[in-house]
Amino acid sequence: MDKIRIGIIGGSGLYRMEGLENIREVEIDTPFGKPSDAIATGTIEGVPVAFLARHGRSHSVLPGGIPYRANIWALKSLGVDYLVSVSAVGSFREELAPRHMVLPDQFIDLTRHRVGTFFGEGAVAHVGLSHPVCAALSEVLGAAFADCAFSDTVLHRGGTYVCIEGPQFSTYAESQLYRSWGASVVGMTNMPEARLAREAEIAYATLALVTDYDCWHPGHEAVTAEIALGNLAHNAANAQNLLRAAIRRLGAEAPLSKAHSALAAGLVTRPAAMPAATREKLMPLIAKYC
Ligand SMILES: CSC[C@H]1O[C@H](OP(=O)(O)O)[C@H](O)[C@@H]1O
Ligand SMILES: Nc1ncnc2[nH]cnc12
């Protein structure tokens, strides 16, 4: 199969990639289990793309139950080295209003029950995560937003995404706490996704779609799934247009990313010193260091 360099993970409300042509659905079994769903591969204006619905196409997988390692491993095995995550988020700031878009550049990981690494079992790596979002990829998303000239949404660049375990939304006290930290938005899925993408040397950026003001805002009722998905439905067409513009740009520009060499300074155990079974499991990630 041809190398597919661009991957899209669609979150809540974004279960397929519009405009995808020459579609082939691929079921990939990974050493870390099955991905959330079949991956739809195809082309957008001739550019190869892989699309995966994070919660499954029928939205049947909880944030804490997402097979994050299988998802990233499967995308990596197809050749993906740019990954755009589309995610519904609650907002902690008045100016980040429902139906706006945000390009977060930082994460605070408050998840508790998720495996956050591919390594272990005789293989050690410590990749840098100081800048978990690829600035070059995020820049492409920003430029794609400008290409689209939307009249009904606004893009905010930068901000910190707090990742909670869920599946419940936050308490009022938690929401106030995260606001006091200066965080911008909240969601339940971008960690450990971003960590694993970095270990897999995949450039990662999030297109966050604001759906609500969580539960801190005196003028808005506390978030419910119904409110979040209702607002997302209004922004889904814009998100699809933006993604197509970004894919067009990525196909032409393929920007350099530090993420693409994250293991060069991060891989501690030489592949030759790893147990054979571990080396085999990690092969799509470490092949170039073998
Ligand atoms: C349906 S609202 C809560 C749900 O939406 C977000 O998912 P995703 O990041 O995949 O768009 C949030 O993290 C929760 O999983
Ligand atoms: N307020 C919120 N908290 C967590 N995840 C969300 N996804 C959408 N809105 C959210």
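So what are the three principal axis dimensions of region 1-112 from its Cα atoms, in whole Å, longest to shortest?
On the principal axes, region 1-112 reaches 46, 34, 26 Å in Cα extent.
For region 1-137, what is the relative contact order in percent, using Cα pairs closer than 8 Å and at least 6 residues apart in sequence?
Relative contact order of region 1-137: 27 percent.
Cross-link partners among lysines for Lys34, C-alpha distance below 24 Å, same-chain residues fewer than 8 apart left out?
Lys3, Lys76, Lys281
Put +1 on the Cβ of each Lys and Arg and -1 on the Cβ of each Asp and Glu in region 4-58; which of Val49, Gly10, Phe32 then has its Cα farthest toward the positive end of the dipole?
Going by the charge dipole, the pick is Phe32.
With a 1.4 Å probe and every protein chain left in place, tell me how much accessible area His59 has, in Å² to the nearest 10.
That residue has around 70 Å² of solvent-accessible surface.
What number, rounded to the nearest 500 deg cm²/dmol, is the helix-based mean residue ellipticity at 222 nm of the chain, given -39500 (n - 2.57) per DSSP H run of at least four residues and division by all its residues?
-9000 deg cm²/dmol
Which value results for Rg/Rh of region 111-164 when Rg is the Cα radius of gyration and Rh the Kirkwood radius based on the inverse mean 1/r?
We get a ratio of 1.14 for region 111-164.
Got a sec to turn the phi values of region 159-166 into Karplus ³J(HN,Hα) couplings, 6.51 cos²θ - 1.76 cosθ + 1.60 with θ = phi - 60°, whole Hz, x for Gly and Pro?
Those phi angles translate into x, 9, 9, 8, 9, 9, 6, x Hz.
Which is farthest toward the positive dipole end of the chain among Ile23, Leu96, Pro255, measuring Cα position about the Cα centre, with Cβ charges +1 (Lys, Arg) and -1 (Asp, Glu)?
My answer, from the dipole projection, is Pro255.
Helix 190-199 sits at what angle to the longest principal axis of the chain, using alpha carbons and giving 0 to 90 degrees rounded to 10?
Between the helix axis and the principal axis of the chain, the angle is about 30 degrees.
Taking the Cα centre of the chain as origin, work out the dipole magnitude from +1 charges on Lys and Arg Cβ and -1 charges on Asp and Glu Cβ, in debye rounded to 20.
760
Leaving out ligands, DNA and RNA, what percent of the accessible area of the chain is carbon and sulfur, probe 1.4 Å?
53
Using label points projected 7 Å from each Cα along Cα→Cβ, tell me how many nm separate Val154 and Ala225, to one decimal.
3.1
Once amide H atoms are built 1.01 Å from N in the peptide plane, which residues 5 or more positions from His156, or in another chain, come under 5 Å H to H?
Amide H to amide H, under 5 Å and 5 or more residues apart or across chains, His156 pairs with Met101, Val102, Leu103.
Determine Rg/Rh for region 36-186; Rg is computed over alpha-carbon atoms and Rh is the Kirkwood hydrodynamic estimate from the same atoms.
Computed over Cα atoms, the ratio is 0.96.
Nearest 10 degrees, 0 to 90: what angle lies between the long axis of helix 135-148 and the longest principal axis of the chain (Cα atoms)?
Result, in degrees: 50.
In degrees, nearest 10, range 0 to 90: what is the angle between the Cα axis of helix 225-253 and the longest Cα principal axis of the chain?
Taking Cα atoms only, the helix is inclined about 50 degrees.
Using 7 Å Cα-to-Cβ label points, what is the Arg24/Leu110 separation (nm, one decimal)?
4.3
Over the chain, what is the relative contact order in percent, taking alpha-carbon pairs closer than 8 angstrom and at least six residues apart?
25
Convex hull over the Cα atoms of the chain, averaged projected area in nm²?
Across all orientations, the chain yields a mean hull projection of 14.2 nm².
Under 10 Å, Cα contacts only: if you run a Gaussian network model on the chain, which one of Ala88, Ala208, Ala183 comes out with the highest mean-square fluctuation?
Per the Cα network of the chain with a 10 Å cutoff, Ala183 tops the list.
Protein chains only, probe 1.4 Å: how do Tyr172, Tyr161 rank by accessible area, largest first?
I get Tyr172, Tyr161, largest accessible area first.
Treating cross-link reach as a plain straight distance, find the aspartates and glutamates whose alpha-carbon is under 12 Å from the alpha-carbon of Lys288, omitting any fewer than eight places away in the same chain.
Glu201
The values are calculated or read from the model by the stated rules, or taken from the named source; none is laboratory data. Note that the structure is predicted; figures quoted are calculated from it, not measured. When we count neighbours, we look across all protein chains shown, and the Cβ atoms used for this are built from the backbone with ideal geometry, even at glycine. These area figures cover heavy atoms from the full protein model, side chains too; ligands, DNA and RNA do not enter into them. Shrake-Rupley method; radii C 1.70, N 1.55, O 1.52, S 1.80 Å.
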